[in-house]
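Inspection log for the structure reproduced underneath, given as structure tokens.
The values are calculated or read from the model by the stated rules, or taken from the named source; none is laboratory data. Predicted model, so just to flag it, every value in this text is computed and none were measured. Because the Cβ atoms are built from the backbone with ideal geometry, glycine has one as well, and the counts that use them run over all protein chains shown. Calculation scope for accessible area: heavy atoms of the full protein, side chains included, ligands and nucleic acids excluded. Shrake-Rupley method; radii C 1.70, N 1.55, O 1.52, S 1.80 Å.
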Amino acid sequence: MSDSYDVIIIGAGPAGLAAGIYSGRSLLKTLIIERSKPGGQTATTNEIDNYPGAVHDETGPSLIAKMSAQADRFGATRIKAEVTDVDFAGAEKLVKCGADEYRAKAVIIASGAFPRLLGCPGEAEFTAKGVSYCATCDAAFFEGLEVFVVGGGDSAIQEALFISRFARKITVIQNLPELTAAKSMQKKALAHPKFSFLYDSVVQELRGDSGVLDTIVVRNAKTGELTEFLADEDDGAFGLFVFIGLIPSTDVFKGKITMDRGYVPTDENMRTNVPGVYAAGDCRIKPLRQVVTAAADGAIAAVAAEKYIEEMGDD
């Protein structure tokens, strides 16, 4: 099967859906391809508290459902498929999903990124129930509670310092004998009265009663000794924030566009180095990865793609 569109959007997270809304509203024939359920990381977020206009009971799935319905309303076609190859060399871009091929005048890559996981028992069970990968999203939910932060690099310490505005106590778990963050950030963290540190340590297991995280088992990587941390009885739960890296979902685009450590460089109009190909959301190089910035990226990419299509039509 081979179908032609004006715009193909790869990914149905906030960036892809926002692009679909703007593209569809511009009366462009639009296809959104998503390999799993819509939403990306947002679909796993229990509460959305910092997206403008979100009400107090907004969840990731509920927000994504609204975005999906809006994209549908403006005529975007959505399919569930895995992109297996692309060809951006010609004026008409080719996107392959197994045996199926789709062609378009412009492509918007909104494939996202996903956090590097601990890989320990209990991690999946307690994600969004004590385990988080985004301080900006979730730190406020742990106000007055004890929090553990996994990681010792720049992002981990920077996020831990942000979390310290809310949490009562922070324990940094680092698998190396020292922090690796910039010295200036290390100095702040090491001098902070709320911080304590566990070096040469890894999270072995996560447990909890009543569906929330209340037990963390930490293993000393040198001695093998296990230490069990229990939530304060008055709190009943604590938080675990994991900052050991993000992995952009861009493998299929290697050799097809310029990338930097797996991320896609763009200009302010979301243009990649290939004319007619754009990137939006967490897969591109950017300072802040949030729903609001992903949606903005998607809108900008769609408007830029519309202008590109108009200009190509005039040639």
Screening Gly276, Gly211, Gly281 for residues that are surrounded by fewer than 18 Cβ atoms within 10 Å (Cβ to Cβ), in contact (Cβ under 8 Å) with a residue 40 or more places away in the chain, at positive phi and not basic (Lys, Arg) leaves only Gly211
Failed condition for Ala237, given (1) part of a loop (DSSP other than H, G, I, E, B); (2) open to solvent by 40 Å² or more (accessible area, probe 1.4 Å): (2)
Of all strands (runs of 3 or more DSSP E) fully inside segment 1-105, the set with 3 or more residues that are buried (at least 17 other Cβ atoms within 10 Å of the Cβ) and in contact (Cβ under 8 Å) with a residue 12 or more places away in the chain is 2-10, 30-34, 93-97
Going by the conditions given, is Ile170 open to solvent by less than 10 Å² (accessible area, probe 1.4 Å) and assigned to a strand (DSSP E or B)? yes
Going residue by residue through segment 254-270, is there one that turns out to be surrounded by 13 or more Cβ atoms within 10 Å (Cβ to Cβ), in a loop (DSSP other than H, G, I, E, B), of a type in the set (D, E, K, R) and more than 18 Å from the chain's Cα centre (by Cα)? yes
Scan segment 157-183 and report the pairs whose first residue is closer than 18 Å to Pro193 by Cβ and whose second residue is among the polar types (S, T, N, Q) and part of a loop (DSSP other than H, G, I, E, B), with Cβ atoms within less than 8 Å and a gap of 6+ or a chain change. Ile170/Ser164
Name the pairs: first residue in segment 285-300 and part of a loop (DSSP other than H, G, I, E, B), second residue buried (at least 21 other Cβ atoms within 10 Å of the Cβ) and not aromatic (Phe, Trp, Tyr), Cβ to Cβ under 6 Å, at least 6 apart or on different chains? Arg289/Asp282
